[in-house]
């Protein structure tokens, strides 16, 4: 039984749940997610867990807020003038909208409240402050090419 190593590609099915069991995201049944181990493209907790798993094995990984989407930060809630946001269309509470930041970057924020002149926005990730439980199933491993072997 071979476990994945740095440079291997792991094909993984996953289900993400909240504490109450609500499913918030999952991979497609016939389409596992591809992850290159050691490349820094997946959460380090997933990378570590996958290295200990065998093909076909499942494992539950629990990520507290600080290892998932961060703690909820009240300082990321702002009340701004509607004109300053320059939103297209008529925004509604609960909408996710892109807003311009200093330096030319954009951020996705949610609208918490609206009145005639001001809008209250929340720049926290929608899942900030939540513990997320991931069920990972290692579908298959594609080993990294052996650097000693000549390539065809």
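The values are calculated or read from the model by the stated rules, or taken from the named source; none is laboratory data. Note that the structure is a prediction, hence the values are computed from the model and not measured. In this analysis, Cβ positions are derived from the backbone assuming ideal geometry, glycine residues included, and neighbour counts consider all displayed protein chains.
Determine whether residue 24 is touching a residue at least 60 places away in the same chain (Cβ under 8 Å), closer than 22 Å to residue 127 by Cα and either touching a helix residue (DSSP H, G or I) at 6+ places or on another chain (Cβ under 6 Å) or not assigned by TED's automatic domain parsing to the domain that holds residue 136 (or both). Full working, then the answer.
Details: touching a residue at least 60 places away in the same chain (Cβ under 8 Å): yes; closer than 22 Å to residue 127 by Cα: yes; either touching a helix residue (DSSP H, G or I) at 6+ places or on another chain (Cβ under 6 Å) or not assigned by TED's automatic domain parsing to the domain that holds residue 136 (or both): no.
No: the conditions fail for residue 24.
Check region 28-35 and report whether any residue there is closer than 30 Å to residue 105 by Cβ and touching a residue at least 24 places away in the same chain (Cβ under 8 Å). Step through it out loud before you land on a result.
At the first step, the residues of region 28-35 found to be closer than 30 Å to residue 105 by Cβ are 33-35.
With the extra rule that they be touching a residue at least 24 places away in the same chain (Cβ under 8 Å), the set shrinks to 34-35.
Within region 28-35, one or more residues are closer than 30 Å to residue 105 by Cβ and touching a residue at least 24 places away in the same chain (Cβ under 8 Å).
If you check residue 10 against the conditions, is it without any contact (Cβ under 8 Å) to a residue 40 or more places away in the chain, surrounded by 14 or more Cβ atoms within 10 Å (Cβ to Cβ), under 15 Å from residue 136 (Cα atoms) and touching a strand residue (DSSP E or B) at 6+ places or on another chain (Cβ under 9 Å)? Lay out the reasoning, then the answer.
Details: without any contact (Cβ under 8 Å) to a residue 40 or more places away in the chain: no; surrounded by 14 or more Cβ atoms within 10 Å (Cβ to Cβ): yes; under 15 Å from residue 136 (Cα atoms): yes; touching a strand residue (DSSP E or B) at 6+ places or on another chain (Cβ under 9 Å): yes.
It is false that residue 10 is without any contact (Cβ under 8 Å) to a residue 40 or more places away in the chain, surrounded by 14 or more Cβ atoms within 10 Å (Cβ to Cβ), under 15 Å from residue 136 (Cα atoms) and touching a strand residue (DSSP E or B) at 6+ places or on another chain (Cβ under 9 Å).
Every residue in region 91-105 that is in a loop (DSSP other than H, G, I, E, B) and either in contact (Cβ under 8 Å) with a residue 12 or more places away in the chain or under 14 Å from residue 77 (Cα atoms) (or both), please. Lay out the reasoning, then the answer.
So the first thing to find is which residues in region 91-105 are in a loop (DSSP other than H, G, I, E, B), and the list is 91-95, 101-105.
91, 92, 93, 94, 95, listed by residue number.
Identify all residues within region 43-60 that are within 14 Å of the chain's Cα centre (by Cα) and in contact (Cβ under 8 Å) with a residue 40 or more places away in the chain; write none if there are none.
46
Would you please list the contacts, defined by Cβ atoms under 9 Å and residues six or more apart or on different chains, that run from a residue in region 128-149 that is at positive phi and at pLDDT 95 or above to a residue that is surrounded by fewer than 15 Cβ atoms within 10 Å (Cβ to Cβ) and assigned to a loop (DSSP other than H, G, I, E, B)?
Every condition considered, the pairs that remain are 129/71; 129/73.
Only one residue in 54, 45, 16 is at pLDDT below 95, assigned by TED's automatic domain parsing to the domain that holds residue 133 and out of contact with any helix residue (DSSP H, G or I) (no Cβ under 8 Å at 6 or more places or on another chain). Which one? Working first, answer last.
On the way: 45 fails: out of contact with any helix residue (DSSP H, G or I) (no Cβ under 8 Å at 6 or more places or on another chain); 16 fails: at pLDDT below 95.
None of the others qualify; the one that does is 54.
Between a first residue in region 65-78 that is free of Cβ contacts under 8 Å to residues at least 40 places away in the same chain and a second residue that is surrounded by 12 or more Cβ atoms within 10 Å (Cβ to Cβ) and assigned to a helix (DSSP H, G or I), which pairs have beta carbons less than 7 Å apart while being 6 or more apart in sequence or on different chains?
Every condition considered, the pairs that remain are 67/45.
Kindly evaluate residue 127 against the criterion of being assigned to a loop (DSSP other than H, G, I, E, B) and within 28 Å of residue 39 (Cβ to Cβ). Write out each step before concluding.
Working: assigned to a loop (DSSP other than H, G, I, E, B): yes; within 28 Å of residue 39 (Cβ to Cβ): yes.
In short, yes.
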